[in-house]
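Working notes, structure below.
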Ligand code: NAD
C-alpha cells in the first residue's frame, strides 16, 4: 500500500495519463477524476469523487481543492496534469496569439492556480507531494513545431523548480514529470499517419511510443513516500529521447 491513507487530486483525469494514474492510485488512495473514471476507481476498491473544473479558472481550482478536503478531510498529493496541445500550434510565424494565450492559460496558469489553492491545503495536511506534468519538450525542442506548447512546458518546469525550493522546508515536495511522446489521444491526433509516427519514432531510442500507464507508475513513485528525498527534479520518463540527438537504425 504505497499511498495508504493519502488523498490525491488529479487534474485531467478524464483520459490519458490522468485516467491511468487515477486507476493506478485507486487501490491505495482517494482521487478526483471524472465520473466514468471515478466509477472505475470505486469499482477497483478505491474511493473517488469526480469534480468538474477548468484549471484555467481560479474559482474552479479553489472549488476542486475544497471538494477534496470536504470529502476526504485533507489533501496529500496534487497532480497538476491537465494540459492541451492545440491543433493550430505551430512555429512563431504561424501560431496565432489566441492559440498562444489559450495554451498558456491552461498549461501554465492552470498549474499556478492548482498550486495557489493546493499548497495551503498541503500545508494543512502537514506537507505533501506536488507533481506537475511538463514534457520532454521542456528540455529539448520538438522536431515538429509546436512553439506555444513547448514554451508552456518550459514554464511548468521552471515554475516547479522554484516551488520546490520555496516549499522544501515545510515538507512539500514539487517535481516536474517530463513524459516523452506517448501513445495517447493528445499526440496521436497529430501523428495520424504511419509516416508521421515513423518521423517521430526515429528520435526515440526505444523505437516506440510510451504508454500512459508508464507515466502513471512514475507519478505513483513521486506521490509516494518512496521519493521522500526527491524534489525539484525534472523527472524524465521518455524512452531515452532526450539522451540522444539521433538513433542508430
Ligand atoms: P489527454 O488529452 O489524454 O489528457 C489531458 C486531460 O486534460 C484531458 O482529460 C482533458 O480533458 C484535460 N483538460 C484539458 N484542458 C483542461 C482544462 N482547462 N481544465 C481541466 N482539464 C483540462 O492527454 P495526456 O497525454 O494524458 O496529457 C496529460 C499531460 O501530459 C498534459 O499536460 C500533456 O501536455 C502532457 N504530456 C503528454 C505527452 C504525450 O505524448 N501524450 C507527452 C508529454 C507531456
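Read-outs throughout are calculated quantities, based only on the coordinates presented, and are distinct from any laboratory measurement. Note that the coordinates shown come from a computational prediction; the quantities given were computed from them, not determined experimentally. No Cβ is skipped: glycine too gets one built from the backbone with ideal geometry, and neighbour counts run over all protein chains shown.
Starting from the Cα of residue 74, step 7 Å toward the Cβ, then list every residue of region 109-131 with an amide N under 18 Å from that point. Within reach of a label on residue 74, which here means backbone N under 18 Å from a point 7 Å along Cα→Cβ, region 109-131 contributes 118-131. Relative to the longest principal axis of the Cα atoms of the chain, the long axis of helix 147-167 lies at roughly 40 degrees. Using C-alpha pairs below 8 Å separated by at least 6 residues, the relative contact order for the chain is 19 percent.
Figure the gain on full extension for residue 198 and residue 35 (residue separation times 0.36 nm, minus the Cα-Cα span) and round it to one decimal in nm. Walk me through the numbers on the way to the answer.
Values: separation 163, 0.36 × 163 = 58.68 nm, distance 3.54 nm.
55.1 nm is the gain from fully extending residue 198 to residue 35.
Here the Gaussian network model covers the chain, with springs between Cα atoms less than 10 Å apart; of 231, 184, 144, 144 fluctuates the most. On full extension, the segment bounded by residue 162 and residue 144 gains 3.6 nm, given 0.36 nm per residue less the C-alpha separation. Helical content of the chain, expressed as a calculated mean residue ellipticity at 222 nm, amounts to -12500 deg cm²/dmol (DSSP H runs of 4 or more residues, -39,500 (n - 2.57) each, divided by residue number, nearest 500).
Which part of region 186-207 falls in the paramagnetic zone of residue 244, meaning amide N under 19 Å from the point 7 Å along Cα-to-beta-carbon? Residues 197-207 qualify, since their backbone N sits under 19 Å from the label point.
Hey, what's the Kirkwood Rh for region 77-161 if you take every pair of different alpha carbons, in angstrom? Working shown, then result.
Values: mean 1/r = 0.0745 Å⁻¹.
The answer is 13.4 Å.
Rounded to the nearest 10 degrees, the angle from helix 110-124 to the longest Cα principal axis of the chain is 30 degrees. Can you give the FRET efficiency to the nearest 0.05 for residue 230 and residue 94, using r as the Cβ-Cβ distance and R₀ = 45 Å? E(calc), rounded to 0.05, equals 0.70. Specify the inter-centroid distance of region 195-249 and region 56-97, based on alpha-carbon positions, in whole Å. What the calculation gives is 22 Å, centre to centre.
Using alpha carbon coordinates only, what is the Rg to Rh ratio of region 133-249, with Rh defined as the Kirkwood radius?
Details: Rg = 15.1 Å, Rh = 15.1 Å.
My calculation puts Rg/Rh at 1.00.
Relative to the longest principal axis of the Cα atoms of the chain, the long axis of helix 58-72 makes an angle of roughly 50 degrees.
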